[in-house]
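Inspection log for the structure reproduced underneath, given as structure tokens.
The values are calculated or read from the model by the stated rules, or taken from the named source; none is laboratory data. Please read these numbers as outputs of a predicted model, since none were measured by experiment. Positions of Cβ are generated from backbone atoms using ideal geometry, with glycine treated the same way; all protein chains shown enter the neighbour counts. Just the protein is used for accessible areas: all its heavy atoms, side chains included, with ligands, DNA and RNA removed. Shrake-Rupley method; radii C 1.70, N 1.55, O 1.52, S 1.80 Å.
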Amino acid sequence: MSPVGAITRKEIRSYFVSPIAYVVAAVFLLLIGLLSYLAVLSVSNRSLQMLRLQGNMPELNVNEMVFRPVFENMAVVMLLVVPILTMRLLAEEKKLKTMELLLTSPVTIADIVLGKFFAAFTIFAGMLALTASGALALVPFAEFRWTPILTAYLGTLLLGGLFLSAGLFASSLTENQIISIMLSFGFLLIIWLFGWAGQLFSDTVLGAILTYLSPIDHFLNMIKGLIETKDLVYFLAGITFSLFLTYRVIESQRWRS
Amino acid sequence: MIDVKHLTKLYGTKTAIADVTFSVEKGEVLAFLGPNGAGKTTTMRILTGALPATSGTARVAGHDCFDQPMEVKRAIGYLPEVPPLYGEMTVNEYLTFVGRIKGVDPAQLPAALDRTLERLSLGDVRGRLIANLSRGYKQRVGLAQAIIHDPPVLVLDEPTSGLDPKQIIEIRELIKELAGSHTIILSTHILPEATAVARRVVIIHEGRIVAEDSQERLSARLRRSEKVSVMVKTPPTDVRERLQALPGVLSVHQDDPQTFLVEAELGHDLREDLGRFVVTSGWGLLELKPVSITLEDVFLRLTQEESDKGEGDRPIVEEVRS
């Protein structure tokens, strides 16, 4: 087994033993379930109203009116939930002095960073896959297109990957898990706010840069069913950059400690 | 097997170790002795590739610790001062994980695991969570972690710290057993431990090596006279003068009313003459024993010589002893 595989396996196991995976997944799925239910309820209320007022059943776009708000809200829930998956990944190794074992083993720092990232990503992808039960439950009652849902899932996966890589970076900076999670919240909310700031200066270069740096627009494009290279590049570059920073932090700590 | 030359490590402007040079032959056990903060852990971490040195070279099993860290890491089993254990894993799971990241061939891993568990008598606890094990067992799991990939070199940082006397003896026995097949460096600030497990001792003080030799030769080097302690039942009042009159005696020192410390020239064994003299004088010989210089004396004297050279201050320990 490759070193990355060994580290990934160990971390995934640890998620279920600790049992962070169960708690995070339960809370996440409960929130997404409630959001989906409320979205469906509001759409059906509105359609009943229209039926009463106009006397005929309007064409409702389920993709637009149910799935889009659910995915948008899911992004906000992820801002709060995803950092919990990454907060202990490196902070705990340092606190327990087990980092020493990894650093004196014939594995590279890249193996360590990637192994940890893949483990968190696997847990997140598993959680996300379970939310598909909501869409499947709607199949007998409504007509909708699967393509935008699949692109939205791809967007959510990439957004989650970006959040996880930023969280892993936060975890590399400290031994303390509370500090780690606060730093993650800080990073994520700041890049989120870039989007709002970008709107304020929308016709300036600064505005364009801020908007590009924020994940909001890239994510919204994918929810709409658009897959554009610039959005894919944004997410993949962001993930690579965060993982690279994590790598450098571990390497520099090796020199100092 | 281990070859360290002019190794220096600075943390900012603080010198952790300076110009450390020593070597260890294959199959040898070397004890690194020094007070806390002397630079033992720093040296060991550089050897294991966990920490880069500021200058100097270190080679393990023919590989340079900086240029070929992967080869060096494969050749070394390292037990840090705090054993790097994951409490939520069982002993089996933990050692399997370590075997994987140490690059043990997956096909050989079950056999390596069984061999390691048997060697450290961990078979009974292999299914237990590490968090629930006693301190002694945790230390053994730490040792198991260091030997699972059967490395030629073992680096053990304070392997007995925090253990009770029985556990200390067990760990020392384990280290002695491992000594046959591995080259071992261990650090300790406990002096008897160095003599118990290692033939050669390196004494390090404030980041510098102050002595490197076998324990016997270190004592011999520092011995300036032969000392014999004699305990008698009824010493006469002029006992010191009468002992002083014996041929070869340099000085006589009274430790307590019945015990006298007799010092003679180097190479002059007083025991026979002294014994006969005390018996024929009818003082009632209770005890007669040579006083050898212990490692404590060697250590204190060497570290004191170092600071004398530096500032001329006498360390407090010396005051207490005299």
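Legend: residues B:His6, B:His268, B:His189, A:His218, sorted from most to least accessible area (1.4 Å probe; ligands, DNA and RNA excluded), read B:His6, B:His189, B:His268, A:His218. Only helices enter the 222 nm calculation for chain A: every DSSP H run of n ≥ 4 contributes -39,500 (n - 2.57), and dividing by all residues gives -27500 deg cm²/dmol, rounded to 500.
Chains B and A: buried accessible surface, both sides, probe 1.4 Å, rounded to 100 Å²? Before the final figure, lay out the partial values.
Numbers: alone 15960 and 13710 Å², together 27080 Å².
That pair hides around 2600 Å² of surface in total.
For peptide A:2-12, the mean count of partner chain Cβ atoms within 10 Å of a residue's Cβ comes to 3. Along the axis of the charge dipole computed for the stretch A:3-256 (Cβ charges of +1 for Lys and Arg, -1 for Asp and Glu, origin at the Cα centre), the listed residues A:Asn63, A:Phe241, A:Leu38 are led at the positive end by A:Phe241.
Per residue of A:101-114, other chain Cβ atoms within 10 Å of the residue Cβ number 6 on average. Put simply, what bits of the stretch B:102-121 lose 20 Å² or more of accessible area when the other protein chains are there, versus the chain on its own (1.4 Å probe)? Output list: B:Lys102, B:Pro106. Between the Cα long axis of helix B:91-101 and the first principal axis of chain B there is an angle of about 70°, rounded to the nearest 10.
In a simple Cβ point-charge model (Lys, Arg +1; Asp, Glu -1; nothing else charged), chain B has a dipole of about 660 debye relative to its Cα centre.
Figure note: B:Lys14, A:Lys10, A:Lys230 ranked by solvent-accessible area, largest first, 1.4 Å probe, ligands and nucleic acids not counted: B:Lys14, A:Lys230, A:Lys10.
Taking Cα centre as origin and charging only the Cβ of basic (Lys, Arg, +1) and acidic (Asp, Glu, -1) residues, the dipole magnitude of the stretch A:3-256 rounds to 520 debye.
Taking 4 °C and 1.567 mPa s as the conditions, I'd like the Stokes-Einstein D for the protein assembly as shown in µm²/s, using the Kirkwood hydrodynamic radius from alpha carbon pairs. Intermediate values should be presented prior to the final figure.
Working: Rh = 28.9 Å.
The calculation lands on 45 µm²/s.
The heavy atoms of B:Asp3 offer some 50 square angstrom of accessible surface to a 1.4 angstrom probe. Residues of the stretch A:231-257 buried by at least 30 Å² of accessible area upon assembly of all protein chains, compared with the chain on its own (1.4 Å probe): A:Arg254, A:Trp255, A:Ser257. Using a probe of 1.4 angstrom and keeping all protein chains present, the accessible surface of the protein assembly as shown works out to 47 square angstrom per residue. For the stretch A:109-116, 3J(HN,Hα) computed residue by residue from phi via the Karplus equation (6.51, -1.76, 1.60; θ = phi - 60°) reads 5, 4, 4, 5, 4, 5, x, 5 Hz, glycine and proline entered as x. Of the beta bridges in the protein assembly as shown, as assigned by DSSP with both residues counted there, near 70 percent are antiparallel. In the protein assembly as shown, taking the dipole from charged Cβ atoms about the Cα centre, the farthest positive-side position among A:Ala119, A:Leu200, B:Leu191 is held by A:Leu200.
Could you give the C-alpha radius of gyration of chain B expressed as a fraction of 2.2 N^0.38 Å, taking N as the number of residues it contains?
Working: Rg = 24.5 Å, N = 322, 2.2 N^0.38 = 19.7 Å.
Ratio of Rg to 2.2 N^0.38 Å for chain B: 1.24.
Computed over protein heavy atoms with a 1.4 Å probe, the carbon and sulfur contribution to the accessible area of the protein assembly as shown reaches 59%. For chain A, modelled as a GNM whose springs connect Cα atoms under 10 angstrom apart, the maximal fluctuation among A:Leu157, A:Leu53, A:Leu193 occurs at A:Leu53. Ranked by solvent-accessible area (1.4 Å probe, protein heavy atoms only, all chains present), the residues A:Val23, A:Val82 order from largest to smallest as A:Val23, A:Val82.
Under a model in which nothing but the beta-carbon of Lys, Arg (+1) and Asp, Glu (-1) is charged, the protein assembly as shown shows a dipole of about 1240 debye around its Cα centre.
Near B:Tyr78, the amide H atoms lying under 5 Å from its own belong to B:Val155; only residues 5 or more places off or on other chains count, and H is placed 1.01 Å from N. The residue among B:Gln254, B:Ile168, B:Leu85 whose Cα reaches farthest toward the positive pole of the charge dipole of chain B, with charges on the beta-carbon of Lys, Arg, Asp and Glu, is B:Leu85.
Residue by residue, the stretch B:6-14 carries 3J(HN,Hα) couplings of 6, 6, 9, 9, 10, 9, x, 9, 7 Hz when phi is fed to the Karplus relation 6.51 cos²θ - 1.76 cosθ + 1.60 (θ = phi - 60°); x denotes Gly or Pro. Here the 3J(HN,Hα) profile of the stretch B:102-109, calculated from phi with Karplus coefficients 6.51, -1.76 and 1.60 at θ = phi - 60°, is 7, x, 5, 4, x, 5, 8, 4 Hz, Gly and Pro shown as x. Show log10 I(q)/I(0) for chain A at q = 0.08 Å⁻¹, two decimals, from a solvent-free Debye sum over equal Cα scatterers. The calculated log intensity ratios at q = 0.08 Å⁻¹ are -0.37.
Rolling a 1.4 Å probe across all protein chains gives B:Tyr86 an accessible area of roughly 10 Å². Antiparallel beta bridges, as assigned by DSSP with both residues in chain B, represent about 70 percent of the total such bridges.
The alpha carbon centroids of the stretch B:124-153 and the stretch A:175-200 are separated by 41 Å. If you run the Gaussian network model on chain B, springs between alpha carbon atoms under 10 Å, then out of B:Gly77, B:Gly284, B:Gly162 the most flexible one is B:Gly284. Remark: for residue pairs A:Lys94/B:Lys9; B:Lys14/B:Lys166; B:Lys166/B:Lys289, the C-alpha separation exceeds 32 Å in B:Lys14/B:Lys166.
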